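See below for the structure under consideration.
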Amino acid sequence: MPPIRRYCIILASLVPALWFSAPAAWAAADNGTKLYAQHCAACHGSHGTGGVGMPLALPDFLAAADNEYLRKTIRLGRPGRVMPAFRQLSDTQVSAIVKHIRGWAPPGIPVPARDATPVRGNAEHGKKLFAKYCSACHGHIGEGGQGTGVTFSRPRELPVLAPALNNPGFLAAASDAMIKTTLMRGRRGTPMQSFLKQGLDERHIDDIVAYVRTFARHPLHAARSVDDEPPVIVRESPYDMDKTIEKLKIAIGAANLRLIRVEPFDEKFFGKDKEDRRHVTVDSCDFNFLDQALKIDPRVGLFLPCRFTLTEQDGKVRIMVINPKRLSAIFNNAELDQLCDKMYHVYVNILEDATF
Amino acid sequence: MNLRAAVKIIFAWTALTLAAPLAHADELLMVRAERPFTDAINQLEIAIQDHGYKIARIQRVDVGLASGGYKTAQYRLVFFGKPEEMREIEQRYPQLLPYLPLKIVIFAEGDSTLALSYNPAILQAYFKIDALQPQLRRWEKDIREILDQFASAY
């Protein structure tokens with residue numbers, strides 16, 4: 001068959017799928033409310049009041065944030081700071097979400113125009129001012145407040161966690177003019193106060209903006225690849241199933257984890273008489289560690305419980321546990337990555353002790 | 001541009017358009033229900049059972065934390081699966097067991113309740129077992145539907 005005819009036949013076979021799927025996609029693209037509910041509301045709240053994510057419905061935020069800032073934030077996310085990059089959305093869909101967010105602005109607040117003019121200031125002086133006025137909340141090097149989530153890491157009456165100003169996603173999205181406006185206006189409803197009201201003049205504010213812009217020279221969150229990490233940490237035991245379970249229980253205790261239960265993997269599905277005893281789970285927990293982790297990211301339940309799965313196959317017993325380094329990657333949370341590195345070593349030590 | 005080149009471009013665009021959603025599947029599935037926790041977790045259990053799954057256990061993480069003196073919002077893990085599917089995985093792909101049964105995390109955030117799960121599709125990236133793809137896609141579809149039902153139920 002000639003190539004041109006082959007392409008036409010394949011194309012013709014794809015057209016019906018496109019014909020039926022495209023109208024739905026285009027309809028959804030125009031529906032910012034639906035898209036926001038689907039992609040944003042879980043973290044930012046159905047009405048933009050914040051939660052795991054930042055509150056978006058604050059009048060001062062909407063007065064300072066231009067549409068390009070919102071679009072770039074959706075596109076780029078905040079690497080290492082929970083907010084993912086929504087690269088799968090079309091430009092139309094992103095614009096629809098932005099339009100939905102704009103709907104929360106009180107009457108009379110115009111959409112700020114994007115002003116790409118660089119602010120000229122003295123970054124050295126700005127560094128001193130930043131240390132005095134900003135670092136208590138935003139961190140010494142603009143790393144932002146620790147943790148996330150209104151439920152666990154901060155009081156409910158405090159709607160915002162200080163953003164990471166050194167985050168490459170923020171620096172790429174925010175114009176100098178937007179940062180300056182935020183410093184001048186403050187953000188009512190959050191601890192961020194107007195710097196003009198704190199006695200600084202516009203020249204000082206320009207200096208702070210110039211210093212914040214220098215963060216781009218020292219990006220903190222180098223993207224780390226975990227593709228080479230195995231999804232599961234595995235050790236082969238030299239012992240039979242019963243002896244391995246006993247050794248594992250001792251190792252868990254030695255690591256200061258609390259043993260919760262030992263049961264066949266499928267007992268809850270088939271009942272006590274029909275379970276397969278070649279697959280056993282041993283659940284444990286370090287509640288102190290969990291408390292720390294929940295403050296950093298309330299979604300960490302996906303790692304729970306600290307479960308060791310033992311399987312017996314061809315006379316060999318293996319102990320397996322989720323590799324937290326691998327699973328952590330889906331959370332886009334650099335603080336959580338660090339905790340997961342620690343947990344990885346705890347797991348490896350337990351497995352080594354149990355199979356020694 | 002000749003006809004052949006034009007057809008090639010249209011072909012490539014069409015194929016990419018149709019393939020795009022698969023290439024950018026979300027890894028973390030998360031929804032918010034504007035209901036208090038107690039009501040919301042009941043809705044979640046109903047949604048799971050409506051999709052033919054058996055709830056194996058509900059782990060009360062908040063109770064464990066509170067017993068240790070830690071302050072916490074309501075926080076539970078709901079483990080579920082279809083018995084025959086779990087048995088098949090045990091026998092054929094035991095390396096997947098640490099990621100099973102399927103799990104949804106549910107916790108209170110003020111008067112709202114959040115629920116999340118990892119997308120089972122990540123297991124294909126992790127374990128690269130082609131024969132499991134249909135199963136993983138089914139689980140993904142079901143979990144998306146369960147979360148949607150949970151978020152929209154009144």
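Every read-out reported here was derived from the displayed coordinates using simple, explicitly stated rules and does not represent laboratory data. In this text, all values refer to a predicted model and were calculated from it rather than measured experimentally. All Cβ positions, glycine included, derive from the backbone under ideal geometry; neighbour counts span all protein chains shown.
What the table shows:
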| item | result |
| --- | --- |
| Only one of A:Val82, A:Val94 that is in contact with a strand residue (DSSP E or B) (Cβ under 8 Å, 6 or more places away or on another chain) and not charged (D, E, K, R) | A:Val82 |
| Members of segment A:303-339 found to be closer than 30 Å to A:Ala85 by Cβ and without any contact (Cβ under 8 Å) to a residue 24 or more places away in the chain, listed by number | A:Leu304, A:Pro324, A:Ile330, A:Gln338 |
| Selected residue (criterion: farthest from the other protein chains (Cβ to nearest Cβ)) from residues of segment B:97-128 that are in contact with a Lys or Arg (Cβ under 9 Å, 6 or more places away or on another chain) and surrounded by fewer than 17 Cβ atoms within 10 Å (Cβ to Cβ) | B:Asp111 |
| Candidates B:Phe150, B:Phe80 - the one that is more than 10 Å from chain A (Cβ to nearest Cβ), among the aromatic types (Phe, Trp, Tyr) and touching a strand residue (DSSP E or B) at 6+ places or on another chain (Cβ under 9 Å) | B:Phe150 |
| Hey, A:Ala354 over 21 Å from A:Met241 (Cα atoms) and either touching a residue at least 24 places away in the same chain (Cβ under 8 Å) or not in a helix (DSSP H, G or I) (or both) or not | no |
| Of all residues in segment A:253-275 being closer than 16 Å to B:Gly81 by Cα and either among the polar types (S, T, N, Q) or facing chain B (nearest Cβ under 8 Å) (or both), the one that is nearest to the chain's Cα centre (by Cα) | A:Phe265 |
| Filter result for B:Gln74 (in contact (Cβ under 8 Å) with a residue 24 or more places away in the chain, over 25 Å from A:Arg277 (Cβ atoms) and out of contact with any Lys or Arg (no Cβ under 8 Å at 6 or more places or on another chain)) | yes |
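Per-residue answers, yes or no, for (1) surrounded by fewer than 20 Cβ atoms within 10 Å (Cβ to Cβ); (2) over 30 Å from A:Tyr239 (Cβ atoms); (3) at the interface with chain B (Cβ under 10 Å from one of its Cβ atoms); (4) among the small types (Gly, Ala, Ser):
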{"residue": "A:Val282", "(1), (2), (3), (4)": "no, no, no, no"}
{"residue": "A:Leu294", "(1), (2), (3), (4)": "no, yes, yes, no"}
{"residue": "A:Gly301", "(1), (2), (3), (4)": "no, yes, yes, yes"}
{"residue": "A:Thr309", "(1), (2), (3), (4)": "no, no, yes, no"}
{"residue": "A:Asn323", "(1), (2), (3), (4)": "no, no, yes, no"}
{"residue": "A:Arg326", "(1), (2), (3), (4)": "no, no, yes, no"}
{"residue": "A:Asn332", "(1), (2), (3), (4)": "no, yes, yes, no"}
{"residue": "A:Lys342", "(1), (2), (3), (4)": "yes, no, no, no"}
{"residue": "A:Asn349", "(1), (2), (3), (4)": "yes, no, no, no"}
